[in-house]
Amino acid sequence: MFEPGERFRRLGWTIGGLVTALAPHMLHLRPWVTGFVLAVCAWRLLAERRDWRLPGAVLRTTIAIGATFGVIVSYTTITGLDGGTALLTLMAALKLMETRTPRDHVVLIFIGWFLCLSAFFYAQDLRMVAWILPTVWLLAAALLVVARRGQAGPALTPFRTTGAMLAKALPLALVLFLFFPRIAGNFWGAPSTERALTGLTEEMSPGDLSDLTLNDTVAFRVRFAGRLPPPIQRYWRGPVLTEFDGYTWSRGASQAYFRPPVQFVGEPTDYSVTLEPTGQRMLFALDLVQRWPRELAGQTWGYQLRTRNPVHALLQYEARSYLHYLAGTTLSRALRNRHLQLPAGRNPRTIRLAQDMRAAAGSDRKYARAVLAMFRDQEFYYTLTPPGLARDSVDDFLFNTRQGFCGHFASAFTMLMRAAGIPARVVAGYQGGDWNPVGGYLIVRQSHAHAWSEIWLAESGWTRVDPTAAVAPERVERGLEAALADEELLPGSLRRNYELLWQASMIWDSFNSRWNDWVVRFNRLQQEQLLRAFGFDDPDWRDLAFVLGTGLAAGLLLLSGWLAWEFRPQRPDPAAASYRRFVARMTRAGVERQPHEAPRDFAERVRRFRPDLGTAAAAITELYLRLRYLPLPGARDLRLLRTLVQRFDP
């Protein structure tokens, strides 16, 4: 059992490691879970310091039942990522209430390591790695402190010892990472039904996209094989919204339609997309996509790419798009009717306005231009903070507030088209992107979320119309920030305004991109490419097993050599070796040095028992002490000591 001071020190190491491992989860846990755990940690340290009695079994059981019930109420489950992590964290806090033996500390430290592992389910970027790796090291140091008995040494000693241990394991870890067989799927992509990832959804209400633009996180990165398209052509197609209830646009449940044919015009644009986890079944592609991985996703009748399973992990795919096309020049009656539907009794003023303007315009194309001219010439304003809208949202926007974001303009324009008998729909996605000159790719952020309209015209089929460009052309041509008033600041505005900060953010994002390419997305295909680099023309599982076994053997050999060198017999000190020869000769002469006897005491005893050897013994002893304990001993003194010992003949 530990002494009181030693117990407190070990408890401090354990709690420090546990709280550090818990830190990445605090953004995802309910506040009451985090507060309970931190309160228990503080109470446990205070109880150890003041020698309070720990709670009994009945009280701990009652708290455990209450904590489990709280998790069920807050998360509706005790399984899954969020619910399971919350329950594990609470049980770790309860374990602190009965921590008495080293085994209890070891259990808590292993819970800390498990929390480090589960943190990668939320994110695998460099920021998470930069936090988790030192945390693993801290927990290893805590385990060493708990396992050792005796007086405490310097505070950094556990870190030095465990750091050397972890460094020895690196070669084997690298071999296992590179050559251990990769299982289909993505372990880190385990879905969490309790948490919603930020990003576009398959519904759009007024204000939804303006809220999303306040999120500066990366949605996806794009590497182009050729020329970068100009900003005005960077429309990244997402969900196609065709059902309208008067306030909200949605994709709708019925999707049993044939996809209208597309005629592509001009040169293609090839690119690679690295999509961040979304939790949605949608991929994004430059409008309009012609080629994509068919095994990964299908294309709907609205030309949207949809995956078979939600995207819960980093995903990369190749695609080819054409910036110019003729889509659906013939429209079936079923699709026409779907794109003309409006809710009965909703937004009546908008319907009357559309009918009057269409009658005056004379044609569908001229009518669409007239609506755009209305947005451009009348007092409509583009803003991120528009006022709320009434139940008849389009009526309220067109005739009252006249302030809105891209979603407001796309919704109003699409309804105006339908009310005039023109098939129309809303398309949500992203527009634009930030070019990273360091990594040579385009960064599309959540703040680039955008919505536009598509109308069907007999001459050209489905035609993209962006009503936002009529009110704020700067949004499409130069980005969102250029279209906003000075007082409407976006996330990341500070670094955009300072070149040094902007370049630093681009360098950091480039590092993250490389990390994703080389580590997070390392899969079976890249393993095969690596094996080909080692000379295997057509690698299979036998080649992989051979390289894995060879690599592990080489790693173990390297580790054995390192340990042999570290624990090699130390070369004796030359001065001490000469002095031992002197002592051995005196032993043969009948004067044996005692274990407790200092060199000068031994020399004095030699002088008493063998006066004829006293002078030589004193000279040898003083030279030895000078070489061992005085600063900067000279080589001349060492040679003299060796000479005196060689000549010494008792």
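Bear in mind that the values in this text are calculations on the coordinates, not laboratory data. Only a predicted model underlies this, so the values are computations on that prediction, with no experimental measurement involved. Ideal geometry is used to build each Cβ from the backbone, glycine not excepted, and the neighbour counts take in all protein chains shown.
One chain, two ends: LEU525 and SER272. Fully extended at 0.36 nm per residue, the span grows by 89.5 nm beyond their Cα-Cα distance. Labels on offer are (1) 0.98; (2) 1.18; (3) 0.95, and the one holding Rg/Rh (Cα atoms, Kirkwood Rh) computed from this structure is (2).
Placing a pseudo-label 7 Å from each Cα along the Cα-to-Cβ vector at ARG281 and ARG376 gives an inter-label distance of 4.1 nm. Think of the chain as having a plus end and a minus end, set by charges on the Cβ of Lys, Arg, Asp and Glu; of VAL37, TYR624, MET506, TYR624 sits farthest toward the positive end of this dipole.
Once the Cα atoms are used to define both axes, helix 157-179 deviates from the longest principal axis of the chain by about 50 degrees.
Projecting the Cα positions of VAL289, THR85, PRO650 onto the charge dipole of the chain (unit charges on Cβ atoms of Lys, Arg, Asp and Glu, taken about the Cα centre) puts PRO650 furthest along the positive direction. Approximating the spin labels as points 7 Å out from Cα along Cα→Cβ, the ASP649-to-ALA458 distance works out to 12.9 nm.
Charge tally for ALA419 (other residues, Cβ to Cβ under 10 Å; Lys, Arg +1; Asp, Glu -1): +3. A straight line joining the Cα centroids of the stretch 498-559 and the stretch 273-327 runs 26 Å.
Computed from phi, the 3J(HN,Hα) profile of the stretch 314-331 under the Karplus parametrisation 6.51, -1.76, 1.60 (θ = phi - 60°) reads 4, 9, 10, 8, 9, 8, 10, 10, 10, 7, 10, 6, 10, 10, x, 5, 10, 10 Hz, with x in place of Gly and Pro. The charge dipole of the chain, taken about the Cα centre with unit charges on the Cβ atoms of Lys, Arg (+1) and Asp, Glu (-1), comes to about 2680 debye, rounded to the nearest 20. Where in the stretch 53-88 is the amide nitrogen less than 11 Å from a point lying 7 Å along the Cα-to-Cβ axis of PHE114? It comes to 84-88, nothing else. Once the Cα atoms are used to define both axes, helix 599-609 deviates from the longest principal axis of the chain by about 10 degrees. Compute the acute angle (0 to 90°) between the alpha-carbon long axis of helix 126-147 and the principal axis of greatest extent of the alpha-carbon atoms of the chain; round to the nearest 10°. With rounding to tens, the tilt is 30 degrees. Once every Cα of the stretch 4-151 carries one equal point scatterer and solvent is ignored, give the base-10 log of I(q)/I(0) from the Debye formula at q = 0.15, 0.17, 0.19, 0.21 Å⁻¹, two decimals. Evaluating at q = 0.15, 0.17, 0.19, 0.21 Å⁻¹ gives log10 I(q)/I(0) of -0.76, -0.97, -1.17, -1.36. Place a label point 7 angstrom from the Cα of ALA589 along the Cα-to-Cβ direction, then list the residues of the stretch 605-636 whose backbone nitrogen is under 15 Å away. What the label zone holds, given the 15 Å backbone N cut-off, is 605-622. Counting only DSSP H runs of at least 4 residues, each contributing -39500 (n - 2.57), and dividing by the residue count of the chain, the helix-based mean residue ellipticity at 222 nm comes to -16000 deg cm²/dmol.
Note on GLU622 and ALA42: the model spin-label points, each 7 Å out from Cα along the C-beta direction, lie 6.7 nm apart. Checking every one of the chymotrypsin sites (Phe, Trp or Tyr not before Pro) in the stretch 250-282 against DSSP loop status and a limit of 12 other Cβ atoms within 10 Å picks out PHE258.
Counting only DSSP beta bridges whose two residues both lie in the chain, roughly 95 percent are antiparallel. Ranked by the mean number of other Cβ atoms within 10 Å of their residues, highest first, the peptides 118-124, 358-364, 23-29, 442-448 fall in the order 442-448, 118-124, 23-29, 358-364. If the segment from THR61 to ALA23 were pulled out straight at 0.36 nm per residue, it would be longer than the present Cα-Cα gap by 11.1 nm.
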